[in-house]
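Below: the structure, in structure tokens.
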Amino acid sequence: KAGVTQTPRYLIKTRGQQVTLSCSPISGHRSVSWYQQTPGQGLQFLFEYFSETQRNKGNFPGRFSGRQFSNSRSEMNVSTLELGDSALYLCASSLLGQPNQPQHFGDGTRLSIL
Amino acid sequence: AQTVTQSQPEMSVQEAETVTLSCTYDTSESDYYLFWYKQPPSRQMILVIRQEAYKQQNATENRFSVNFQKAAKSFSLKISDSQLGDAAMYFCAYRSEFSINTNAGKSTFGDGTTLTVKP
């Protein structure tokens, strides 16, 4: 069974640009969560999607948005990029997003803002 | 809001020895789940072990075991017979009992402990 796939692996952007990251969950998994990982802040929850609906959202500005498609694939978009957005963005999938179900993580997308 | 604290930024262990990584958490909830994840330099976060708060028995997965002390809100990970492949950053994570409005799909992570295994 294929794992969680995130593309691209690396991305370099400049301030003010926007970026879209993609995540394909494990087949059959319907819940997709996004996390931002930085050395200073650790892993911070961004949002979670289930059946094309955002069910939960972390404390991030509105520049961070996402969506989920009918095949459970998810995209995350960041607009008007800032230097502080440089981070590893991790996507995690689980069957239904329930707390007793472990989250399966992708390799992440390393975003660097110049 | 729940918080997770890992007080050891770095730990080292000799190959074949045993090491314990600490984790404490703060919550007012009675039902929740705790996890240990491993993130090697290759970056992919991998589940190591899981503990349900309602279970008194400590979880065990091969060389990995936990010491879950619910009253003390402590959840430490013990790695026995350490191997070179155990070198990684280890994260402790908390998940609330399901609440669609506030907790769906969300884990709260500690800052991680970097484990070095010496040959």
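The values are calculated or read from the model by the stated rules, or taken from the named source; none is laboratory data. What you see is a predicted model; the values in this text were computed from it and never measured. Don't worry about glycine lacking a Cβ; one is built from the backbone with ideal geometry, like all the others, and counts go over all protein chains shown. For accessibility, only protein heavy atoms count, side chains too; no ligands or nucleic acids. Shrake-Rupley method; radii C 1.70, N 1.55, O 1.52, S 1.80 Å.
Brief remarks on what is shown
- Residues of the stretch A:67-114 buried by at least 40 Å² of accessible area upon assembly of all protein chains, compared with the chain on its own (1.4 Å probe): A:P99, A:N100, A:P102, A:Q103, A:F105, A:D107.
- Karplus 3J(HN,Hα) series, Hz, for the stretch A:23-31 with 6.51 cos²θ - 1.76 cosθ + 1.60 (x for Gly, Pro): 9, 10, x, 4, 3, x, 7, 10, 9
- Rolling a 1.4 Å probe over the protein heavy atoms leaves A:R73 with an accessible area of roughly 60 Å².
- The stretch B:1-57 - Kirkwood radius from inverse mean 1/r over Cα pairs (Å): 13.7
- Kirkwood Rh (inverse of mean 1/r, distinct Cα pairs), chain A, angstrom: 13.9
- Farthest positive-ward along the protein assembly as shown dipole, Cα basis, beta-carbon charges - from B:S65, A:I12, B:P40: A:I12
- Approximating the spin labels as points 7 Å out from Cα along Cα→Cβ, the B:T116-to-A:T80 distance works out to 4.4 nm.
- Pairs exceeding a 25 Å alpha-carbon distance, out of A:K57/B:K55; B:K73/B:K106; B:K55/B:K118; B:K38/B:K106; A:K13/B:K106: A:K57/B:K55; B:K55/B:K118; A:K13/B:K106.
- Estimated at the nearest 10 Å², the accessible area of B:Y25 is 10 Å² with a 1.4 Å probe.
- Over the protein assembly as shown: Kirkwood hydrodynamic radius from C-alpha pairwise inverse distances, Å: 18.1
- With eigenvalues of the C-alpha gyration tensor scaled by 5 and rooted, chain B, Å: 25, 15, 12
- Amide H contacts for A:G108 (H built 1.01 Å from N in the peptide plane; partners 5 or more residues away or on another chain; cut-off under 5 Å): A:Q6, A:C91.
- Heavy-atom accessible surface that B and A bury in contact, both chains counted, 1.4 Å, Å² to 100: 2100
- Cα centroid separation, the stretch B:37-82 to the stretch A:12-71 (Å): 26
- At 1.002 mPa s and 20 °C, Stokes diffusion of the stretch A:1-59 via Kirkwood alpha-carbon radius, µm² per second: 160
- Amide hydrogen proximity for B:T114: with H placed 1.01 Å from N in the peptide plane, the residues at 5 or more positions away or on another chain lying under 5 Å are B:E10, B:M11, B:Y90.
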